[in-house]
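Data first, discussion second: the structure below is written as structure tokens.
Bear in mind these aren't lab numbers, they're just calculated from the coordinates by the rules spelled out. All figures in this text were calculated on a predicted structure; none of them were measured in a lab. When we count neighbours, we look across all protein chains shown, and the Cβ atoms used for this are built from the backbone with ideal geometry, even at glycine.
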Amino acid sequence: MDKKIRVLVAKPGLDGHDRGALIIAQALRDHGMEVIYTGLRQSPAQIAQAAIQEDVDVIGLSSLSGAHRSLFPKVVEQLRERNADDIFVIGGGVIPAEDIPYLEERGIKKVFTPGSTTDAIASYIKELITPSSQSIAQSPKRIAHIGIAVKSIDDVIHFYHHVLGLHLSRVEEVPTEGVKVAFLKIGDTSIELLEPINEQSTIYKYIEKRGEGIHHIAFEVEDIEARLKYYKEQKVELIHDTPQPGAHDSKIAFLHPKAANGVLYELCEYKGEE
Ligand code: ZN
């Protein structure tokens, strides 16, 4: 895209601190965006008006005052009243996690908290305006499966299949990972039992060290290459930075557990049916 992304950074409400907003504004300029800063104490109507006059793509709202619950949605309403709801609104500041769903339900595209880096905000905005593939900035499609490390699939299949009553859909070996896997369907997702087939297998080492149990959670995604690239830009630690061949003709990659509170996440992309 030749045209520069235009962003209005605004601080609605009464709080008198704009250091955070100024830092974001400068960081977005460093990422090649045109940034207009409205200054302090703007009303939602003034912000919407300025966004339209300046023909921006995105409004970034910042709040430290705790008034975000009323003020952020009012900006979205003011845009809607002026038929300008094609302008994206994102928000940031000291915002408790429980307010994020409330704000996102009211039309705030994404809420950033003090843990977010300015680089993460900038690459989110770029994805929002010019998606590099089918919306990397969107949520993965679903939990494809939950992986459970077991010593022997044959020993536990009675419990999963007969006692829990889960439908066993397939069993196969993935030699590259040194495992045999069994998939048991439950609704739109599956339990994946992983049995090591040799001592080099990471599952073998996992069971030696920690015993049997939950090993990983897998998300189905649409474009695994693009998503890995996006995560790299977001400085997420990865085990694989390129996709590996997975079970049933899928492409997979693992995030490093350090990136996610000790949880191992897998990404899977399927060609057709899982
Ligand atoms: Zn898996």
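Counting other C-beta atoms within 10 Å, which of ILE217, ILE24 has the fewest, and how do the rest follow? Each step should come with its number before you reach the end.
On the way: ILE217 16, ILE24 24.
Ranked by crowding around the Cβ, least crowded first: ILE217, ILE24.
Report, in listed order, any pair from LYS11/LYS110; LYS74/LYS141; LYS4/LYS251; LYS232/LYS271 with a Cα-Cα distance greater than 25 Å. Working shown, then result.
Working: LYS11/LYS110 16 Å; LYS74/LYS141 30 Å; LYS4/LYS251 35 Å; LYS232/LYS271 23 Å.
Checking Cα-Cα distances, LYS74/LYS141; LYS4/LYS251 exceed 25 Å.
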ask   = Once amide H atoms are placed 1.01 Å from N in the peptide plane, what residues at a sequence separation of 5 or more from GLY147, or on another chain, have their amide H within under 5 Å of its amide H?
value = GLU192, HIS215, HIS216, ILE217, ALA218
request  = Find out how many positive minus negative residues lie around GLN49, taking Lys and Arg as positive, Asp and Glu as negative, among other residues whose Cβ is under 14 Å from that of GLN49.
outcome  = -1
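Residue separation times 0.36 nm, minus the C-alpha to C-alpha distance between SER139 and HIS17: what's the value? All intermediate terms of the calculation are to be shown ahead of the outcome.
Numbers: separation 122, 0.36 × 122 = 43.92 nm, distance 3.26 nm.
Gain on extension, SER139 to HIS17, equals 40.7 nm.
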note = In deg cm²/dmol, rounded to the nearest 500, the helical mean residue ellipticity at 222 nm of the chain, built from -39500 (n - 2.57) for every DSSP H run of length 4 or more, is -8500 deg cm²/dmol
request  = Report ³J(HN,Hα) in whole Hz for each residue of the range 102-108, in order, from the Karplus equation J = 6.51 cos²θ - 1.76 cosθ + 1.60 where θ = phi - 60°; Gly and Pro get x.
outcome  = 4, 6, 5, 5, 9, x, 6
key: FRET efficiency, 1/(1 + (r/R0)^6) with R0 45 Å, evaluated for HIS167 and GLU237 via beta carbons   = 0.80
request  = Mind checking which of VAL236, HIS161, VAL221 is farthest towards the positive end of the chain's charge dipole, using Cβ charges of +1 (Lys, Arg) and -1 (Asp, Glu) about the Cα centre?
outcome  = VAL236
request  = Identify, among THR38, PRO140, GLY211, the residue whose Cα sits farthest towards the positive end of the charge dipole of the chain, taking +1 on the Cβ of Lys and Arg and -1 on the Cβ of Asp and Glu, with the dipole about the Cα centre.
outcome  = THR38
query = Based on the inverse mean of 1/r over its pairs of different Cα atoms, what is the Kirkwood hydrodynamic radius of the range 142-269, in Å?
reply = 15.1 Å
ask   = Where a Cα-Cα gap under 21 Å defines reach, which lysines qualify for LYS151, not counting those fewer than 8 residues away within the same chain?
value = LYS180, LYS185, LYS205, LYS209
inquiry  = Suppose we look only past 25 Å in the calculated P(r) of the range 6-130. What percent of the Cα-Cα pairs does that tail hold?
reply    = 11 percent
inquiry  = If I model the chain as equal point scatterers sitting on the Cα atoms and use the Debye formula, what is log10 I(q)/I(0) at q = 0.08 Å⁻¹?
reply    = -0.45
task = Be a star and scan the range 224-250 for residues whose amide nitrogen sits under 20 Å from the point 7 Å along the Cα-to-Cβ vector of LYS205.
result = 237-247
query = What length, rounded to one decimal in nm, is gained on full extension from GLU225 through to ASP155, with 0.36 nm per residue of separation minus their alpha-carbon distance?
reply = 21.5 nm
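Once you have the Cα-Cα distance between ILE217 and GLN53, take 0.36 nm times their residue separation minus that, and quote the gain in nm to one decimal. Show your work: numbers first, answer last.
Values: separation 164, 0.36 × 164 = 59.04 nm, distance 4.62 nm.
Contour length minus the Cα-Cα distance gives 54.4 nm.
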query = How much FRET efficiency would the formula 1/(1 + (r/R0)^6) give for ILE146 and TYR102, where r is the Cβ-Cβ distance and R0 is 25 Å, rounded to 0.05?
reply = 0.30
